[in-house]
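First up is the structure itself, then whatever we jot down about it.
The values are calculated or read from the model by the stated rules, or taken from the named source; none is laboratory data. This one's a predicted model, so the numbers in the text were calculated from it and none came from an experiment. Backbone-built Cβ (ideal geometry, glycine too); neighbour counts: all protein chains shown. Surface accessibility is based on the protein's heavy atoms, side chains included, excluding ligands, DNA and RNA. Shrake-Rupley method; radii C 1.70, N 1.55, O 1.52, S 1.80 Å.
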Amino acid sequence: DSDDIIYPTGLEIFLNSMERFPGAALGITSFIGQEEKPYPFVMSPEEAYQYNFYTRGLFDTGPSGLIFRASMFREIGGFSGKRYVGDTEINLKLAAKWPVVRIGASLIFWRQHEGQEIAAGVNSTGYLELQLPMYQEAFSRPECPLPENKKAAIIQFHKKIAARQIIKIALQKKDPKLAMQFYNKLALSPSDLFNAVLFMKKSY
């Protein structure tokens, strides 16, 4: 992915790990951390979703840390082409339908600099515009393994994050017109803004 690095044995480990679990669609390497069992191991769709949203952002891993099973990648139509969130989006799609393989840590080097996409997304309104709709779309699919109450709680949390960004656009960047555009586009409510204000106060 761009100028990241896969270490010399990385591809071999990726491939061998996927071959051990032929029913899995997606393999993900960790940057750091120890698990309770040795790599590689497989997670069901429900386990992978639970881990992503309640332990650590598993699906936020970029393309250099991913391996897809080609047939399943094609079955869901490949990448949508959305900027900033395309990697998370495809991980959500694949992990909802098929098991996920957790592959050994530190197989890649994620080069971080101001010119990379994640920096551009953070420094612009890219994530604000795309992230919440991406989760709403993912949770609307019938194969999503999360129960309804957890879907609602996660969406509410991301609405709070979006509302907080909108408030900052209005007050810190002094652009209430742009803030209102995003407020309407994301279909937020006054209570979302109120919850975001409370969240911001608790953060200080």
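Residue-wise test of (1) under 23 Å from residue 50 (Cα atoms); (2) touching a residue at least 12 places away in the same chain (Cβ under 8 Å); (3) of a type outside the set (S, T, N, Q).
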residue: 115; (1), (2), (3): no, no, yes
residue: 118; (1), (2), (3): no, yes, yes
residue: 123; (1), (2), (3): no, no, no
residue: 129; (1), (2), (3): no, yes, yes
residue: 135; (1), (2), (3): yes, yes, yes
residue: 149; (1), (2), (3): yes, no, no
residue: 155; (1), (2), (3): yes, yes, yes
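When you check residue 84 against the structure, is it touching a Gly at 6+ places or on another chain (Cβ under 8 Å) and over 26 Å from residue 15 (Cβ atoms), yes or no? Give the derivation first.
Numbers: touching a Gly at 6+ places or on another chain (Cβ under 8 Å): yes; over 26 Å from residue 15 (Cβ atoms): yes.
So residue 84 fits the description; yes.
Kindly establish whether residue 182 is among the aromatic types (Phe, Trp, Tyr) and in contact (Cβ under 8 Å) with a residue 40 or more places away in the chain. If you could, list the steps in order and put the result at the bottom.
Numbers: among the aromatic types (Phe, Trp, Tyr): yes; in contact (Cβ under 8 Å) with a residue 40 or more places away in the chain: yes.
Criteria met by residue 182.
How many residues does the stretch 83-107 hold that are within 20 Å of residue 135 (Cβ to Cβ), in contact (Cβ under 8 Å) with a residue 24 or more places away in the chain, open to solvent by less than 10 Å² (accessible area, probe 1.4 Å) and β-branched (Val, Ile, Thr)?
Residues that pass the stated criteria total 2.
In this structure, is residue 110 under 23 Å from residue 11 (Cβ atoms), aromatic (Phe, Trp, Tyr) and either modelled with pLDDT of 95 or more or surrounded by 21 or more Cβ atoms within 10 Å (Cβ to Cβ) (or both)? Steps first, please.
On the way: under 23 Å from residue 11 (Cβ atoms): yes; aromatic (Phe, Trp, Tyr): yes; either modelled with pLDDT of 95 or more or surrounded by 21 or more Cβ atoms within 10 Å (Cβ to Cβ) (or both): no.
Spelling it out, it is not the case that residue 110 is under 23 Å from residue 11 (Cβ atoms), aromatic (Phe, Trp, Tyr) and either modelled with pLDDT of 95 or more or surrounded by 21 or more Cβ atoms within 10 Å (Cβ to Cβ) (or both).
Looking only at the stretch 128-184, count every residue that is under 16 Å from residue 197 (Cβ atoms), surrounded by fewer than 16 Cβ atoms within 10 Å (Cβ to Cβ) and of a type in the set (Gly, Ala, Ser) and tell me the total.
The number of residues fulfilling the criteria is 0.
Test residue 80 against the stated conditions and say whether it is among the hydroxyl-bearing types (Ser, Thr, Tyr) and either outside any loop (DSSP other than H, G, I, E, B) or over 26 Å from residue 154 (Cβ atoms) (or both). Working first, answer last.
On the way: among the hydroxyl-bearing types (Ser, Thr, Tyr): yes; either outside any loop (DSSP other than H, G, I, E, B) or over 26 Å from residue 154 (Cβ atoms) (or both): no.
The answer is no for residue 80.
Can you run down the residue pairs with Cβ atoms below 8 Å, 6 or more apart or on separate chains, where the first is in the stretch 54-82 and in contact (Cβ under 8 Å) with a residue 24 or more places away in the chain and within 19 Å of residue 110 (Cα to Cα) and the partner is open to solvent by 70 Å² or more (accessible area, probe 1.4 Å) and among the charged types (D, E, K, R)?
Between residues of the stretch 54-82 that are in contact (Cβ under 8 Å) with a residue 24 or more places away in the chain and within 19 Å of residue 110 (Cα to Cα) and residues that are open to solvent by 70 Å² or more (accessible area, probe 1.4 Å) and among the charged types (D, E, K, R), the close pairs are 62/1; 63/1; 64/1.
Taking the stretch 51-77, which residues are in contact with a strand residue (DSSP E or B) (Cβ under 6 Å, 6 or more places away or on another chain) and of a type in the set (S, T, N, Q)?
61, 64
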